[in-house]
Structures are given as structure tokens and as C-alpha cells.
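Taking it in order: structure first as C-alpha cells, then the write-up.
Nothing in this text is a laboratory measurement; each read-out follows from the coordinates by a stated rule. None of the values given here were measured: they were computed from a predicted structure. Heads up, the Cβs are rebuilt from the backbone with ideal geometry, glycines too, and the neighbour counts pull from every protein chain shown.
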Amino acid sequence: MRTLFSLFLDICLFRKAPQDVPSSMALLKLCLLAYAGSGLLVLLISTPAPVALLQILLDLVLLSGLLYLGLSARRHPKRFEQTLSALAGSGTLMGLLALPLLFWLSGQGQGDGAALPSLLLLMLMVWSIAVMAHILRHAFEVPTWLGAALALAYTFLSWTLTGWIDPQPPLH
């Protein structure tokens with residue numbers, strides 16, 4: 001486990017890439033389970049359990065489906081296991097880093113004390129998108145800017161679609 005943690009931490013620190021992840025269905029399943037678990041923990045802070053489960057399932061289907069389609073279109077379908085493992089493993093770490101910030105933010109309410117945890121969450125979100133861009137750039141063999149564009153497009157698509165599952169009431 002320590003080796004896997006180090007591998008995914010190195011990916012998050014841009015020292016390793018998806019091709020450094022072993023191609024293993026067992027590892028992929030473990031990474032997807034950890035990703036779903038950390039995502040569920042993050043969502044349960046502010047979302048009812050049934051909605052959180054649906055959102056996690058949608059995210060997993062969207063992430064794996066779009067990745068497979070993209071890699072197939074680029075004629076690299078054999079990179080699927082490694083790339084999805086890299087995305088899920090790094091996403092798990094990002095989710096675990098977000099947990100204390102989200103608990104801190106939920107304890108602050110919307111007062112002045114919410115500024116710092118909100119800023120830290122924003123920084124974590126930017127870092128997470130940069131890590132996804134790094135992984136996609138390597139997997140698709142595209143320039144950095146295109147990896148970033150793909151990561152941003154996926155992030156906004158995922159937020160939009162998962163938001164349809166539990167639309168937030170309008171603020172008055």
C-alpha cells in the first residue's frame with residue numbers, strides 16, 4: 001500500500017505519469033473502489049446518501065466511458081487500465097485532502113471564517129485539474145494546453161451532469 005500511495009503522490013506532484021502505473025485489472029478495481037469511497041465521503045458532508053451514490057456512479061461511468069472513447073479514438077485503448085487507475089488513484093488522494101477542508105468549511109458556516117478554507121479548496125481544485133491534465137496529456141500524447149482543456153471540459157461536464165441529479169435550490 002505504501003508503494004501505491006507513493007506512486008499516486010508522485011503523479012499528483014507531476015513526478016510520474018500514467019505509464020508508470022502497473023497495468024492491472026485488480027489495481028484498477030482497487031483504485032475505482034477507493035475513488036468511489038473518497039468521493040462518497042466528500043459528498044456525504046453536504047448531500048443525502050442516495051443522491052451522493054448516484055452522483056458517484058455517474059462520475060465513474062462518465063470518467064471511464066469518456067476516457068475509453070478518447071483513448072480508442074486516439075488508437076491507444078491499451079492505455080485504459082493505467083490511465084483510469086492513475087486518474088482514480090490521484091482523485092482518491094485529492095478527495096482525502098479535501099475532507100478536512102470541507103469539514104472545516106462546514107463548521108464555519110458562511111461567516112468570515114469561511115474565507116481561508118474556501119481559498120484552500122479552490123487551490124486544491126485547481127491542483128486536481130492540473131493533475132488530471134498531466135495524466136491526460138501523457139495518455140493521449142497531446143500538448144499540455146490540450147490536456148488542460150480536456151481536464152477542464154471533463155470537470156465542467158461532470159459538475160453539470162451530477163448537478164442535474166440534485167439541483168440546489170435557488171438562493172434568495
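Specify which residue in the list T83, F103, L40 is farthest towards the positive end of the charge dipole of the stretch 1-160, using unit charges on the beta carbon of Lys, Arg (+1) and Asp, Glu (-1), about the Cα centre.
T83
Give me the angle, in degrees from 0 to 90, between the Cα long axis of helix 80-108 and the longest principal axis of the Cα atoms of the chain, rounded to the nearest 10.
Rounded to the nearest ten degrees, it is 10.
What's the magnitude of the charge dipole for the stretch 27-172 around its Cα centre, counting Lys and Arg as +1 and Asp and Glu as -1 at the beta-carbon? Answer in Debye, nearest 20. Display every interim value, and only then the final one.
Values: 6 positive and 5 negative charges, 111 e Å.
Using Cβ point charges on Lys, Arg, Asp and Glu, the stretch 27-172 gives about 540 debye.
For the stretch 1-128, what is the largest minus smallest coordinate of the Cα atoms on each principal axis, given in angstrom and ordered from greatest to least?
The Cα atoms of the stretch 1-128 stretch 50, 33, 27 Å along the principal axes, largest first.
I'd like the orientation of helix 144-165 relative to the chain: the angle between its Cα long axis and the longest Cα principal axis, in ° from 0 to 90, rounded to 10.
Helix 144-165 sits at roughly 50 degrees to that axis.
How would you rank 126-138, 59-71, highest first, on the average number of other Cβ atoms within 10 Å across their residues?
Numbers: 126-138: 20.3, 59-71: 15.8.
The densest-packed peptide leads the list: 126-138, 59-71.
Per the helix-only calculation at 222 nm, which mean residue ellipticity applies to the chain, given -39500 (n - 2.57) for every DSSP H run of n ≥ 4 and division by its residues, nearest 500 deg cm²/dmol?
Value at 222 nm, helices only, nearest 500: -27000 deg cm²/dmol.
Angle, helix 49-73 long axis vs. longest principal axis of the chain, Cα atoms, 0 to 90°, nearest 10?
30 degrees
For the ranges 154-161, 77-84, 51-58, what's the packing order if you count other beta-carbon atoms within 10 Å of each residue, average per peptide, and put the highest first?
77-84, 51-58, 154-161
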